[in-house]
Amino acid sequence: MWRWDQAEPFGSNPADEDPDANSVAFNLPLRLPGQRYDQETALHYNHFRDYDAAIGAYKQSDPLGLIAGINTYAYVDGAPLFHSDPLGLQKRGVPARPPLYPPLRSPTTFEPFTLNFGGPRSCGNCFTVYAVIPIRGTVRSTHRRSALQELEENLKQNPSLRRRLNQECGCDVLSQMRSGAGGSLINPRGFEFHHPIFPSTQTTSTHVWLIRTCDHRNPMYQDILHGLPGGRGGLGQQNGF
């Protein structure tokens with residue numbers, strides 16, 4: 001038996017390793033999301049940094065420096081009831097999400113734009129969405145196939161986007177996309193499709209974003225791209241988490 005009531009929001013209260021009082025202690029070092037308690041140092045290992053629950057702050061400065069904010073040692077901006085930081089890099093939680101799209105005439109666009117969320121991360125940590133593409137079907141494989149077909153058709157008629165993607169992938173993007181097994185379409189080199197979190201008025205994903213693989217997997221953007229419980233994005237939202 002083991003119990004940690006987390007009576008103190010920053011996690012400074014010790015775990016109860018013998019709640020049934022049978023004199024048999026059970027050691028489970030889990031603490032706040034992404035943290036493991038180190039008994040020797042009394043710190044919580046939080047992947048990229050060490051967290052000191054006694055002061056509610058990290059022992060190491062944020063790797064971003066002052067870009068991350070004035071207090072580079074703060075844990076989730078001092079709001080652990082609303083946020084968590086599983087990697088020790090960027091808070092997650094609510095109030096959660098920026099607008100799904102910047103002000104556009106239509107959700108669908110094949111003109112690249114920069115997503116800028118304001119605040120201390122602007123604009124050094126912005127990333128580019130190269131296209132917002134409509135999708136068909138209800139599963140990932142169908143979404144991807146329909147998105148690739150839409151992208152291929154658009155690239156035939158959109159020399160501006162084609163030149164941009166040619167430059168990004170260092171190749172003729174249309175030829176590269178058509179080089180899959182049996183002539184099937186594959187992602188542009190260095191790019192992935194992302195299911196953005198959609199409004200509560202929708203029940204399914206209707207569009208995907210074409211973004212660079214390095215941006216899609218960058219830990220600094222996960223609160224934006226995959227800010228739902230369990231680190232999920234729009235596809236997980238559609239599937240009910």
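Throughout, read-outs are computed from the coordinates displayed, never taken from laboratory work. Everything numeric in this text was worked out from a predicted model, so none of it was measured. Quick reminder, even Gly has a Cβ in these numbers, built from the backbone with ideal geometry, and neighbours come from all protein chains shown.
Once every Cα of segment 113-238 carries one equal point scatterer and solvent is ignored, give the base-10 log of I(q)/I(0) from the Debye formula at q = 0.10, 0.19 Å⁻¹, two decimals.
Ignoring solvent entirely, the Cα scatterers give -0.33, -1.13.
Send over the semi-axes of segment 1-95's equivalent ellipsoid, whole angstrom and largest first, taken as the square roots of 5 times the C-alpha gyration tensor eigenvalues.
Values: eigenvalues 149, 36, 20 Å².
Working from the Cα gyration tensor, I get semi-axes of 27, 13, 10 Å.
Stokes-Einstein D for the chain at 10 °C, 1.306 mPa s, Kirkwood Rh over Cα pairs, in µm²/s?
Stokes-Einstein gives a translational diffusion coefficient of 78 µm²/s.
At 7 Å along Cα-to-Cβ for each site, give me the label-to-label distance between Trp2 and Ala79 in nm.
With each label point 7 Å from Cα toward Cβ, the separation is 3.1 nm.
On a 0 to 90° scale, report how tilted helix 159-169 is relative to the longest principal axis of the chain, with both axes built from alpha carbons and the result rounded to the nearest 10.
In the chain, helix 159-169 runs at an angle near 50 degrees to the longest axis.
Counting Lys +1, Arg +1, Asp -1, Glu -1, what net charge surrounds Gln167 among other residues with beta carbon under 14 Å of its beta carbon? Spell out each step's value before the answer.
Numbers: positive: Arg162, Arg163, Arg164, Arg189, Arg212; negative: Glu168, Asp172.
Net charge in that neighbourhood comes out at +3.
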